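Student: Have a look at the structure that comes next, please.
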Amino acid sequence: MKILLRLSSYVFHPLWMPFFGSLFYFIFIPRYFPDEIVKAKLMAIAIITIFIPVVFYFLLKNLGKAESVFLEKVEERRWPLFFFCLLILMVLHQILNFYNYPGLYYYFAGILISTLLAYTLSWFRLKVSLHMMGITGLLMFVTGFCIYFHLYYIYTVAFLIIACGLTASSRLYFKAHTNSELWLGSLIGLGPQLLLFNLWFTEYRMSDLFLK
């Protein structure tokens, strides 16, 4: 059980969530995209949201500004969260656009809002669970995606719910967070995605996708 909980801390690390959401979107969206476009978008998203943050983490570690990949201290989180906000802005401005990828665009906009909230709270010495923020945001995105397109990926949603439970248990077991920090992280992850899903659902009709 300890191995499973330790593994879940890495598999469901928040850095993976933007890419996982993007991969799900391009695989299951009922709209055709050329393979070259999909591969290019996924590669760009992976480089910006995974590889560049990892390089930035090692830079901070060499400078003595970070001790662990989990950024256990509140002070260690400020620079990575601020830098990640800039990277998400780059994705929204350079990689995605609202008209061709509305659902994914709103997902990254929600990630940006969540990251900004976590960054702001860090200045008040409030530590939130970034793991829960990431996995609950992905859960809300996948659920909203299924509702919007009338798809029934029940097993995927069930898997993500189990993943949320495993992630929360892992963070508690290794004493990385308190219950309140887990709940706060979940709220910050779910809230923006829910609000932006409502905007997507009301402002961008599904029929518009097939008229382009």
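Student: Kindly indicate whether residue 84 is modelled with pLDDT under 95 and under 19 Å from the mean Cα position of the chain (by Cα). Even if it seems obvious, please write down each step before you answer.
Tutor: On the way: modelled with pLDDT under 95: no; under 19 Å from the mean Cα position of the chain (by Cα): yes.
No: the conditions fail for residue 84.
Student: Let me confirm something: among 136, 167, 120, which residue is more than 21 Å from residue 16 (Cα to Cα) and within 18 Å of the chain's Cα centre (by Cα)? Before the answer, list the steps.
Tutor: Details: 136 fails: more than 21 Å from residue 16 (Cα to Cα); 167 fails: more than 21 Å from residue 16 (Cα to Cα).
Every option except 120 fails the conditions.
Student: Tell me whether region 102-113 contains one or more residues that are more than 25 Å from residue 155 (Cβ to Cβ), open to solvent by 60 Å² or more (accessible area, probe 1.4 Å) and over 19 Å from the mean Cα position of the chain (by Cα).
Tutor: So far as region 102-113 goes, no, none of its residues is more than 25 Å from residue 155 (Cβ to Cβ), open to solvent by 60 Å² or more (accessible area, probe 1.4 Å) and over 19 Å from the mean Cα position of the chain (by Cα).
Student: Then there's this: Taking the condition of being at pLDDT 95 or above, buried (at least 22 other Cβ atoms within 10 Å of the Cβ) and among the polar types (S, T, N, Q), how many residues in region 132-191 meet it?
Tutor: Residues flagged as at pLDDT 95 or above, buried (at least 22 other Cβ atoms within 10 Å of the Cβ) and among the polar types (S, T, N, Q) within region 132-191 amount to 3.
Student: Further question on the same structure: Which condition breaks for residue 64 when tested against (1) on the phi < 0 side of the Ramachandran plot; (2) surrounded by fewer than 18 Cβ atoms within 10 Å (Cβ to Cβ)?
Tutor: Failed condition: (1).
Student: Cβ-Cβ distance below 8 Å, separation of 6 or more or different chains: which pairs start in region 34-57 with a residue that is within 13 Å of residue 101 (Cβ to Cβ) and touching a residue at least 12 places away in the same chain (Cβ under 8 Å) and end on one that is surrounded by fewer than 16 Cβ atoms within 10 Å (Cβ to Cβ) and of a type in the set (A, V, I, L, M)?
Tutor: Close Cβ pairs satisfying both conditions: 42/23.
Student: Same structure again: Which members of region 14-33 meet the condition of being touching a residue at least 40 places away in the same chain (Cβ under 8 Å), open to solvent by less than 30 Å² (accessible area, probe 1.4 Å) and part of a loop (DSSP other than H, G, I, E, B)?
Tutor: Hit for region 14-33 is 29, nothing else.
Student: Within region 146-192, track down each residue that is of a type in the set (Ser, Thr, Tyr), closer than 24 Å to residue 68 by Cβ and in a helix (DSSP H, G or I). Working first, answer last.
Tutor: First, the residues of region 146-192 that are of a type in the set (Ser, Thr, Tyr): 148, 152-153, 155-156, 167, 169-170, 173, 178, 180, 186.
Next cut, closer than 24 Å to residue 68 by Cβ only: 167, 169-170, 173, 178, 180, 186.
Selection gives 167, 169, 170, 173, 180, 186.
Student: Run down 76, 72 and say which single residue is acidic (Asp, Glu) and either open to solvent by less than 20 Å² (accessible area, probe 1.4 Å) or under 13 Å from the mean Cα position of the chain (by Cα) (or both). Talk me through it step by step, then tell me what you get.
Tutor: Numbers: 72 fails: either open to solvent by less than 20 Å² (accessible area, probe 1.4 Å) or under 13 Å from the mean Cα position of the chain (by Cα) (or both).
None of the others qualify; the one that does is 76.
Student: Can you tell me which of 105, 101 is hydroxyl-bearing (Ser, Thr, Tyr) and free of Cβ contacts under 8 Å to residues at least 24 places away in the same chain?
Tutor: Numbers: 101 fails: free of Cβ contacts under 8 Å to residues at least 24 places away in the same chain.
One residue alone meets the criteria, 105.
Student: Let me ask another. Say we look at region 79-101 and pick out the residues that are of a type outside the set (A, V, I, L, M, F, W, C) and over 17 Å from residue 16 (Cβ atoms); which of these is least open to solvent (accessible area, probe 1.4 Å)?
Tutor: Across region 79-101, the extreme among qualifying residues is 101.
The values are calculated or read from the model by the stated rules, or taken from the named source; none is laboratory data. From a predicted model like this one, the values you see are computed outputs, not experimental measurements. Cβ sites come from the backbone with ideal geometry, for glycine too, and all protein chains shown count toward neighbours. Heads up: the accessible areas ignore ligands, DNA and RNA and are worked out on the full protein's heavy atoms, side chains in. Shrake-Rupley method; radii C 1.70, N 1.55, O 1.52, S 1.80 Å.
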